[in-house]
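Worksheet for the structure shown next.
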Amino acid sequence: MKKYIKQFITPPLPYDYAALEPYIDQQTMKVHHDKHHVGYTIKLNAALEKHPDFFQYPAEVLLQKLEKIPTEVRTAVKNNGGGHVHHSFFWKIMTPAKQSDKPNQQLIKALDSAFGSFDKFKEMFENAATTLFGSGWTWLSVVNNKLIIEQTSNQDSPYSLGHRPILALDVWEHAYYLKYKNVRADYVKNFWDIINWNQVAENFATAK
């Protein structure tokens, strides 16, 4: 007999709310995690209450197989499942303890191959993050064993496209507005100082 989980759970932050200061402030992290992320998880669980069989799958799988989700809750699962999955991913690829300014050699080699150089990758990623219109995410993803930079609106997901994200930046206003106001570019530039490149490298190895 299969044992289904009763509900999806918002994972705790892997560090203190203030741990990413001065790049991301304590108040933003508290609201972002405890209100926005928790809200997505609650609404995802509510959407699946009448379809409990879907609780047997990881939330990423729900995004990969949206066509299998009943039509009456599909949009709610896409939006709130995306919010739950993306934020769970996002917290892990940031760190208060800077391990390195750059990825490991395997990932550097792949970035060089895909974008010309690590600096060129950073430039292209920053451009994608600052020019995305409205709310959404910027991703570094693996597609057919190659790295691409992609943008998604709102909580649309690379997982739904069959892509494997290894790095993400949340550019919804709630992710940065308390500290940076309308200057998204400063938030994007400061992101490089808190990336957990060890986790990104692990994501890359798994995605390949």
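Where a number appears in this text, it was derived from the coordinates with a stated rule and is not lab data. Bear in mind the structure is a predicted one, so any value in this text is a computation, not a measurement. With ideal geometry, Cβ positions are generated from the backbone for all residues, glycine too; neighbour counts draw on all protein chains shown.
Given charges of +1 on the Cβ of Lys and Arg and -1 on the Cβ of Asp and Glu, with all other atoms neutral, how large is the dipole of the chain about its Cα centre, in debye to the nearest 20? Intermediate results must be reported in sequence, preceding the final value.
On the way: 24 positive and 21 negative charges, 111 e Å.
Rounded to the nearest 20 debye, it is 540 debye.
What FRET efficiency do you get for ASN190 and GLU67 if R0 is 45 Å and r is their Cβ-Cβ distance, rounded to the nearest 0.05?
Efficiency for this residue pair is about 0.70.
Starting from the Cα of HIS51, step 7 Å toward the Cβ, then list every residue of region 64-98 with an amide N under 19 Å from that point.
Taking a point 7 Å out along Cα→Cβ of HIS51, the residues of region 64-98 whose backbone N falls under 19 Å are 64-86.
What ranking do 154-165, 197-208 get when scored by the average of other Cβ atoms within 10 Å per residue, highest first?
Details: 154-165: 19.1, 197-208: 16.8.
Result, highest mean first: 154-165, 197-208.
When a footprinting reagent is the concern and you count Cβ atoms within 10 Å, what order do TRP192, TRP172, TRP91, TRP137 take, fewest first? Don't skip to the end; give the middle numbers.
Values: TRP192 14, TRP172 17, TRP91 20, TRP137 27.
The most exposed by this proxy come first: TRP192, TRP172, TRP91, TRP137.
I want to verify a result. In a Gaussian network model of the chain, Cα cutoff 10 Å, which of these has the top mean-square fluctuation: SER153, SER88, SER113?
SER113
Full extension from VAL31 to PHE133: what is 0.36 nm times the residue separation minus their Cα-Cα distance, to one decimal in nm?
Numbers: separation 102, 0.36 × 102 = 36.72 nm, distance 2.28 nm.
Extending this stretch completely gives an extra 34.4 nm.
Could you check which residue among GLU72, GLU126, GLU60 shows the biggest mean-square fluctuation in a GNM of the chain with a 10 Å Cα cutoff?
Taking springs between Cα atoms under 10 Å, the residue moving most is GLU72.
Let me confirm the definition first: pairs of Lys residues in region 105-207, 8 or more apart or on different chains, C-alpha distance under 26 Å. How many are there?
Taking the Cα cut-off of 26 Å, the pair count is 13.
Between the helical axis of 82-92 and the dominant principal axis of the chain, each derived from Cα atoms, what acute angle in degrees is found, rounded to the nearest 10?
The answer is roughly 40 degrees.
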